[in-house]
Amino acid sequence: MILLQCPCRYLLQVLTTRVQNLEKGVELDCQWVEFDDVRYHIQATVKNPNILLLSLSLPTPPPETVFSGGLPQGAIEAIKAAYGVVLQILDPPRDGFNLTLKLNLSKLPPDEEHKQALLVKIASIREVVLGAPLRAVLRQLVSRGVKSNLNKLLSLVHRPDESFFVFPQVDKATVIFPMRFKDSIDTVLATSFLQEFVEARKTAGLGNAPPCLWSSSPPQELKGAPEKALSANAGFVSFVIFPRHVDGRKLDKTVWSLSTFHAYVSYHVKCSEGFMHTRMRRRVESLIEALDRAKPDLEKDDQPAQNRSFKRLSLKDGRGSFNSR
């Protein structure tokens, strides 16, 4: 199965090209949209080629999800911790965006390896911002300090007007996804996919993976959640995260995998649908070819008269042929 990459590939390409051709000082103005309605806008002028303005628009949060200053809780602190003086947060952001950052390319490290690593980190700004609340909750699993929000259901945005839920406890955190799909065919395929996904977790080689459960009804942890948030036509998927799943470098990977789980399922559902359509078309084509081969060959019986040849017989030959009958 294919996992979505954390860095935005187009943003990384734009940043890398800009750094490699900084002496040219070309004006830059690009906008694009990523999955789950995350929009980007990057700008640079000829006068200040070292300065880039990067704006980010996030999915519209549902009513049960709390944003602080147009951003998920803890996003500002996460940006400062991840990028330091390289990125500066502009307040207020550009119109139509939740966040605008000022990137100073002259403050990038001179070492090429560290510079490229930082560019990859900047291209992962989506994960840093949207994953900030989830990262804070999961980091408490391996923290020895005072833990907050225990046994309290938290709502986090991941798609437009849709959220998933986290139920933190002392030694684990349960992450619950209400799975919704607009198309009826996608709903059937997603339900089957998720049931097989849960069964695959039980294989011997995946013993260290987080326990995964699927149910058609809301799990007990969602007690007290808004009724609208519990409408899921493809059921509910729950992951139980233990400290071993977020220890060290595993934290960033776990946060990204959970934040994009719905997009991961949607991708494979669409791939399955496309694969089945391709198989059906090939099957229809093979049946048409079989029908064409089964048609009677009428060309020999319907030859036009002008294509036929006649042999002139003499009177003697004609009489011999008549007497032989």
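The values are calculated or read from the model by the stated rules, or taken from the named source; none is laboratory data. Keep in mind the model is a prediction, meaning the values are calculated, not measured. Cβ atoms come from the backbone with ideal geometry, glycine included; neighbour counts cover every protein chain shown. Protein only, heavy atoms only, side chains kept; ligands, DNA and RNA dropped before computing areas. Shrake-Rupley method; radii C 1.70, N 1.55, O 1.52, S 1.80 Å.
Quick one: would you say VAL128 is buried (at least 16 other Cβ atoms within 10 Å of the Cβ), β-branched (Val, Ile, Thr) and touching a Lys or Arg at 6+ places or on another chain (Cβ under 6 Å)? For VAL128, the condition - buried (at least 16 other Cβ atoms within 10 Å of the Cβ), β-branched (Val, Ile, Thr) and touching a Lys or Arg at 6+ places or on another chain (Cβ under 6 Å) - is not met. Candidates are the residues of the range 23-65 that are out of contact with any strand residue (DSSP E or B) (no Cβ under 9 Å at 6 or more places or on another chain) and among the charged types (D, E, K, R); the one that is most open to solvent (accessible area, probe 1.4 Å) is LYS47.
Is it the case, given these coordinates, that VAL240 is at pLDDT below 90, within 16 Å of PRO210 (Cα to Cα), among the hydrophobic types (A, V, I, L, M, F, W, C) and surrounded by 15 or more Cβ atoms within 10 Å (Cβ to Cβ)? No; evaluated as a whole, the condition is false for this residue. When restricted to residues that are within 23 Å of the chain's Cα centre (by Cα) and in a loop (DSSP other than H, G, I, E, B), the range 97-136 contains 4.
A quick yes/no check of all residues on (1) open to solvent by 20 Å² or more (accessible area, probe 1.4 Å); (2) among the small types (Gly, Ala, Ser); (3) within 30 Å of LYS121 (Cβ to Cβ); (4) in contact with a helix residue (DSSP H, G or I) (Cβ under 8 Å, 6 or more places away or on another chain):
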site: ASP183; (1), (2), (3), (4): yes, no, no, no
site: SER217; (1), (2), (3), (4): yes, yes, no, no
site: PRO226; (1), (2), (3), (4): yes, no, no, no
site: ASN233; (1), (2), (3), (4): yes, no, no, yes
site: LYS253; (1), (2), (3), (4): yes, no, yes, no
site: TYR264; (1), (2), (3), (4): yes, no, yes, yes
site: CYS271; (1), (2), (3), (4): yes, no, yes, no
site: MET276; (1), (2), (3), (4): yes, no, no, no
site: GLU285; (1), (2), (3), (4): yes, no, no, no
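All conditions in (1) hydroxyl-bearing (Ser, Thr, Tyr); (2) surrounded by fewer than 18 Cβ atoms within 10 Å (Cβ to Cβ); (3) in contact (Cβ under 8 Å) with a residue 12 or more places away in the chain hold for SER163, with the sole exception of (2). Under the condition of being in a strand (DSSP E or B) and not polar (S, T, N, Q), the residues counted in the range 33-67 number 14.
For the range 13-22, the set of residues classified as out of contact with any Lys or Arg (no Cβ under 8 Å at 6 or more places or on another chain) and either open to solvent by less than 40 Å² (accessible area, probe 1.4 Å) or polar (S, T, N, Q) (or both) consists of GLN13, VAL14, LEU15, THR16, THR17, ARG18, GLN20, ASN21, listed by residue number.
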